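*Asks:* Please see the structure below; I have some questions.
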Amino acid sequence: MAAYPAGGSENILLITDSYKVTHHWQYPEKTTLVCSYFESRGGKFPTTVFFGLQYILKRFLVGPVVTKEKIQEAKAVYGAHFGTDVFNEEGWNYILEKYGGHLPLRIKAVPEGTEVPVKNVLFTVENTDPKCFWLTNYFETLLVQVWYPMTVATNSRAQKEIIAKYLNETADSLSRLPFKLHDFGFRGSTSVESAGIGGAAHLVNFQGTDTIAGISTAKTYYGCSMAGFSIPAAEHSTITTWGQGGENKAFRNMLTKFPTGVVAVVSDSYDLWNAVEHIWGEELKELVEARGKSGGVLVIRPDSGDPPEIVVKVLNILEKKFGSIKNSRGFKVLPDYVRVIQGDGISYETLAKILDHMKANNWSADNLAFGSGGALLQRMDRDTQKCAFKCSFAEIDGKQVNVFKQPITDLGKKSKKGRLTLECQEGKYITREEGSGNPEKDVMVTVFENGKLLREYTFDEVRRNAEINLVKRKSTKN
């Protein structure tokens, strides 16, 4: 596993919600243990792909993350912030002196990449020192941020299932599935860090990306030397600088500067239909075909208009100019050297509409790839999967207490009680509450304890855990 930046670069005492700084005074007297858990309470998708906790642990919590300097900095910040002394200086000094700045916490979690139905426990957190009962929920703020990579991975996987369905129905092979949804989301992310986290989450399911931050995150925190791949591609500026009358020259330049391999060219700068039919299909046809003889592939990118209609019309024009064949499923496929990528308006909601329209017009899904930006990495929030972190168990004055909430105004926010385990019976996940489960059958494993990472997942492991189940193929289209 590649080296990674150990926790400690940031002051983790400051990475929490303000009110949590006062919570050490709010628990019942003689509290010695607080256990909390994280789950998806429902949401857009019926299952979630658990991913990203390892990033958080490595980035922030592993190692001696509490120092004298950080304690003093936090004391000064919170003194000014609250206007009074509410900071638990004694508690943090205790962690520094007894544990050398390592956090006395234990975190158990499902293996990363695992698909788990909603309303099941995904990880638990508890203090390992009775004097540090207040520490468990201090890090709720940070740990709940796993909602983001988890939701991106879930959304991405759901789209993979849609594409796989249509490939299964209309294509000879699913071999190109890992490259059918390309990440265009870097520029639409809120930060380089979010692009890295979200980009890595998408790469759990696919291997195509232009978000370099994502491959860097996968390498640094999951030991993957290269998680994603890309190709030379044009943007509007590299086409329109040639002028409207120079579009032919701009396209020719792409083919000659990249004489082999796959190259993508945005083609809607002015008149998409002229570009596809006359420039690609007539003026540059011989050059396109010549590249194809050496394995080259031209990928034409329309970037505006109504995607279902645009894609099918482009395919029809390309068929008229380059021909097509029928595959074993009975659907039309362009020559191997010509393909299309739709990179505008792509989301979970639009994929099936585009692919269904292609199928209705007898086109195989194999002709098309997708690029997705904002909808892939940004069009979601914590409530997309209703992620929550709640206390479920405590020990107070030597007594075990099952803790829960059950708001009469919203029973959907009812939380789980007691010690929790996640068991898998006949392929179905079940959360056992109130200590009723068998710890030996618990799917969750201890990944973090007393400042140390005990279980580290490679990106390959995560990908294997997240792989979709492919539908059994029918023998023919009919």
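The values are calculated or read from the model by the stated rules, or taken from the named source; none is laboratory data. Predicted, not measured: the structure shown is a model, and the values here were computed from it. Note: ideal-geometry Cβ built from the backbone for every residue, glycine included; neighbour counts use all protein chains shown. We work out accessible area using only protein heavy atoms, side chains counted, and drop any ligands, DNA or RNA first. Shrake-Rupley method; radii C 1.70, N 1.55, O 1.52, S 1.80 Å.
*Asks:* Is it possible to state the helix-based mean residue ellipticity at 222 nm for the chain, with each DSSP H run of 4+ residues giving -39500 (n - 2.57), the sum divided by total residues, to the nearest 500 deg cm²/dmol? What is it? Mind dumping the intermediate values first?
*Replies:* Numbers: 15 runs with 151 residues, N = 478.
After summing the helix terms and dividing by the residues of the chain, the value is -9500 deg cm²/dmol.
*Asks:* Gap in Å between the Cα centre of segment 40-95 and the Cα centre of segment 137-172?
*Replies:* Between the Cα centres of segment 137-172 and segment 40-95 lies a distance of 26 Å.
*Asks:* More than 15 Å apart: what percent of Cα pairs in segment 380-475 qualify?
*Replies:* On the way: 3559 of 4560 pairs.
Percentage above 15 Å: 78.
*Asks:* Indicate, rounded to the nearest 5 percent, the antiparallel portion of the DSSP beta bridges found entirely in segment 327-407. Could the numbers behind the result be given before it?
*Replies:* Numbers: 4 of 8 bridges.
Here the share of antiparallel DSSP bridges comes out near 50 percent.
*Asks:* In whole Å, how far is the Cα centre of segment 253-277 from that of segment 339-402?
*Replies:* 31 Å
*Asks:* Give the lysines reachable from residue 75 as a straight Cα distance under 24 Å; neighbours fewer than 8 places away on the same chain don't count.
*Replies:* 20, 98, 131
*Asks:* If you count, for each residue, the other Cβ atoms within 10 Å and average over each peptide, how do 144-151, 59-66, 380-387 line up from highest to lowest? Display every interim value, and only then the final one.
*Replies:* Numbers: 144-151: 23.0, 59-66: 21.2, 380-387: 18.0.
Top of the packing list down: 144-151, 59-66, 380-387.
*Asks:* About its Cα centre, what dipole magnitude does the chain give when the only charges are +1 on Lys and Arg Cβ and -1 on Asp and Glu Cβ, stated in debye to the nearest 20? Mind showing how you got there, number by number?
*Replies:* Values: 59 positive and 55 negative charges, 231 e Å.
Using only the charged Cβ atoms, the result is roughly 1120 debye.
*Asks:* Related question: Roll a 1.4 Å probe over the protein chains and send me the accessible area per residue for the chain in Å². Please list the in-between numbers first.
*Replies:* Details: 20910 Å² over 478 residues.
Per-residue accessible area for the chain comes out at 44 Å².
*Asks:* What is the diffusion coefficient of the chain in µm²/s, taking the Kirkwood radius over Cα pairs and the Stokes-Einstein relation at 4 °C with a viscosity of 1.567 mPa s?
*Replies:* On the way: Rh = 24.8 Å.
Rounded, D is 52 µm²/s.
*Asks:* Figure the gain on full extension for residue 119 and residue 253 (residue separation times 0.36 nm, minus the Cα-Cα span) and round it to one decimal in nm. Kindly include the intermediate steps, with their values, before the conclusion.
*Replies:* Working: separation 134, 0.36 × 134 = 48.24 nm, distance 5.41 nm.
Value of the extension gain: 42.8 nm.
*Asks:* Given a Förster distance of 30 angstrom, what is the FRET efficiency for residue 14 paired with residue 98, based on the Cβ-Cβ distance and rounded to 0.05?
*Replies:* 0.90
*Asks:* Could I ask something else about it? For the chain, build the charge dipole from Cβ charges (+1 Lys, Arg; -1 Asp, Glu) around the Cα centre, then report which of 341, 227, 465 sits farthest towards its positive end.
*Replies:* Towards the positive end, the residue furthest out is 465.
*Asks:* Round to the nearest 10 and give me the degree value, 0 to 90, for the angle of helix 192-203's Cα axis relative to the longest principal axis of the chain.
*Replies:* Computed tilt is about 70 degrees.
*Asks:* With N set to the residue count of segment 146-292, report its C-alpha Rg divided by 2.2 N^0.38 Å to two decimal places.
*Replies:* After normalising by residue count via 2.2 N^0.38 Å, the value is 1.23.
*Asks:* Students often forget the sequence filter, so: which lysines lie under 27 Å Cα-Cα from residue 321 once same-chain residues fewer than 8 apart are removed?
*Replies:* 180, 249, 257, 285, 293, 313, 332, 353, 359, 477
*Asks:* Once you place label points 7 Å from the Cα toward the Cβ at residue 176 and residue 306, how far apart are they in nm?
*Replies:* It works out to 2.6 nm between the two label points.
*Asks:* A further question follows. Restricting to the chain, what percent of DSSP beta bridges are antiparallel, rounded to 5? Walk me through the intermediate numbers first.
*Replies:* Numbers: 39 of 57 bridges.
Of the beta bridges lying entirely in the chain, close to 70 percent run antiparallel.
*Asks:* At residue 293 and residue 401, where each label point lies 7 Å from the Cα along Cα→Cβ, what is the point-to-point distance in nanometres?
*Replies:* Simple spin-label model gives 8.1 nm for this pair.
*Asks:* Would any residue of segment 112-154 have its amide N under 12 Å from a label point 7 Å out along Cα→Cβ of residue 26? List them or say none.
*Replies:* The answer is 137-138, whose backbone nitrogens lie closer than 12 Å to the label point.
*Asks:* Show me, for segment 126-137, the HN-Hα J-couplings you get by feeding each phi into the Karplus relation (A = 6.51, B = -1.76, C = 1.60, θ = phi - 60°), rounded to Hz, glycine and proline as x.
*Replies:* 8, 7, 9, 10, x, 7, 10, 4, 6, 6, 3, 8
*Asks:* Something else: Rank-order 313-323, 248-258 by packing density, defined as the average count of other C-beta atoms within 10 Å over each peptide's residues, highest first. All intermediate terms of the calculation are to be shown ahead of the outcome.
*Replies:* Values: 313-323: 18.2, 248-258: 16.3.
Ranked by mean Cβ neighbours within 10 Å, highest first: 313-323, 248-258.
*Asks:* What angle do you read, to the nearest 10 degrees and between 0 and 90, between the alpha-carbon axis of helix 307-322 and the longest principal axis of the chain?
*Replies:* 40 degrees
*Asks:* At 0.36 nm per residue, and after removing the present C-alpha to C-alpha distance, how many nm does the segment from residue 191 to residue 274 gain when stretched out fully?
*Replies:* Full-extension gain reported as 26.0 nm.
*Asks:* Given charges of +1 on the Cβ of Lys and Arg and -1 on the Cβ of Asp and Glu, with all other atoms neutral, how large is the dipole of segment 364-478 about its Cα centre, in debye to the nearest 20? Display every interim value, and only then the final one.
*Replies:* Details: 22 positive and 17 negative charges, 104 e Å.
The dipole of segment 364-478 has a size of about 500 debye.
*Asks:* Taking Cα atoms, how many degrees apart are the long axis of helix 68-82 and the longest axis of the chain, rounded to 10 and kept between 0 and 90?
*Replies:* 90 degrees
*Asks:* What would the Debye formula give as log10 I(q)/I(0) at q = 0.12, 0.14, 0.19, 0.22 Å⁻¹ for the alpha-carbon point model of segment 176-251, no solvent?
*Replies:* -0.42, -0.53, -0.75, -0.88
*Asks:* Suppose the chain between residue 73 and residue 361 were pulled fully straight at 0.36 nm per residue; how much longer would it get relative to their current alpha carbon spacing?
*Replies:* Working: separation 288, 0.36 × 288 = 103.68 nm, distance 6.51 nm.
That works out to 97.2 nm of additional length.
*Asks:* Name the residue farthest towards the positive end of the dipole of the chain from the options 279, 351, 11, assuming +1 on Cβ of Lys and Arg, -1 on Cβ of Asp and Glu, about the Cα centre.
*Replies:* With unit charges placed on the Cβ atoms, the residue in question is 351.
*Asks:* Moving on to the next point. Cross-link partners among aspartates and glutamates for residue 413, C-alpha distance below 13 Å, same-chain residues fewer than 8 apart left out?
*Replies:* Within the straight-line cut-off, residue 413 pairs with 39, 383.
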